[in-house]
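Accompanying notes for the structure given below.
The values are calculated or read from the model by the stated rules, or taken from the named source; none is laboratory data. Quick caveat, the model's predicted, so the values are computed rather than measured. No Cβ is skipped: glycine too gets one built from the backbone with ideal geometry, and neighbour counts run over all protein chains shown. Just the protein is used for accessible areas: all its heavy atoms, side chains included, with ligands, DNA and RNA removed. Shrake-Rupley method; radii C 1.70, N 1.55, O 1.52, S 1.80 Å.
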Amino acid sequence: LTKTGTPSGAGDVPAEPEWDVLGGRRVLYPNEATMSYFKKDGSGTVYYPDKRIAVVVIAGEGIPPGLYTTFFKAKGKKEALGSFDAVGKGSVMYPSGKVALCTTANGGSHYAETGEVLNMWTWAKHPLKEPITIRVNEFMTLV
């Protein structure tokens, strides 16, 4: 949508979504299906164009408090492709189920779908020099 609320076209600036009565913001696809809905605390949901859930972010008050993120396959069985806790520990899988990325409190590793190690690092002594980009599926890229 444009700032005037009309459907956006080439060159239009998307409207800044307004907060609703539940304290959330909804962003729509051009067909007016919900693309995402997020609350002020950072929790929310992102949807694929076919309305399936792509990403869920939960604002946890556990140990440690913060945002916990899980993302899901676009097609087929509803399986998780990855998950990260509030401090960034977690993993990402390729749609084939093979590990793409694994992060821990000490560092991480990045793998090709063939299983080849592409990068290994430690946060303290050998941090990453460049961002890692992983195309998770046709709709989602992790940077």
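Brief remarks on what is shown
- Flag if residue 86 is assigned to a loop (DSSP other than H, G, I, E, B), over 26 Å from residue 125 (Cα atoms) and either in contact with a Cys (Cβ under 6 Å, 6 or more places away or on another chain) or touching a residue at least 12 places away in the same chain (Cβ under 8 Å) (or both): no
- The number of residues in the range 111-143 that are β-branched (Val, Ile, Thr) and outside any loop (DSSP other than H, G, I, E, B) comes to 4.
- Of all residues in the range 21-37 being closer than 28 Å to residue 76 by Cα and open to solvent by 60 Å² or more (accessible area, probe 1.4 Å), the one that is nearest to the chain's Cα centre (by Cα): 35
- Qualifying position, being modelled with pLDDT of 95 or more, open to solvent by less than 30 Å² (accessible area, probe 1.4 Å), under 19 Å from residue 141 (Cα atoms) and of a type in the set (A, V, I, L, M), among 74, 100: 100
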